[in-house]
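Participant: Sharing a structure with you now.
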């Protein structure tokens with residue numbers, strides 16, 4: 001007898017057997033399953049860390065510019081470098097204090 005499209009084939013093996021006793025599935029046994037992690041919070045921490053390190057270096061270089069300007073008070077190069085570092089510091093501070101991770 002031919003099977004029609006409406007009749008289901010017979011199950012020849014035990015497909016619906018639970019993976020473990022008491023119908024519990026152990027996540028420890030299956031290493032191939034991906035674990036759910038919150039990547040957004042990790043990325044926010046890395047961005048904050050990078051921003052704070054860049055902020056610290058720019059502040060250090062601004063301090064060096066101030067120290068150098070004591071010996072060379074009318075140097076355009078030192079003034080422009082200080083303004084560039086000031087712009088970078090203000091941009092980083094705006095990002096750090098203006099960003100909201102809970103949107």
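Participant: For a footprinting-style exposure proxy, rank 6, 80 by other Cβ within 10 Å, fewest first.
Facilitator: Numbers: 6 5, 80 11.
Ordered by Cβ neighbours within 10 Å, fewest first: 6, 80.
Participant: Can you sort 57, 71 by how many other beta carbons sit within 10 Å, fewest first? Let's see the in-between values first.
Facilitator: Values: 57 13, 71 8.
With the fewest neighbours first, 57, 71 line up as 71, 57.
Participant: Would you mind ranking 55, 8 by Cβ crowding within 10 Å, fewest neighbours first?
Facilitator: Details: 55 17, 8 7.
Least to most surrounded, the residues fall as 8, 55.
Bear in mind that the values in this text are calculations on the coordinates, not laboratory data. If you're wondering where the values come from, they're calculated on a predicted model, not measured in any experiment. Counting neighbours? That spans all protein chains shown, and the Cβs are built from the backbone with ideal geometry, glycine included.
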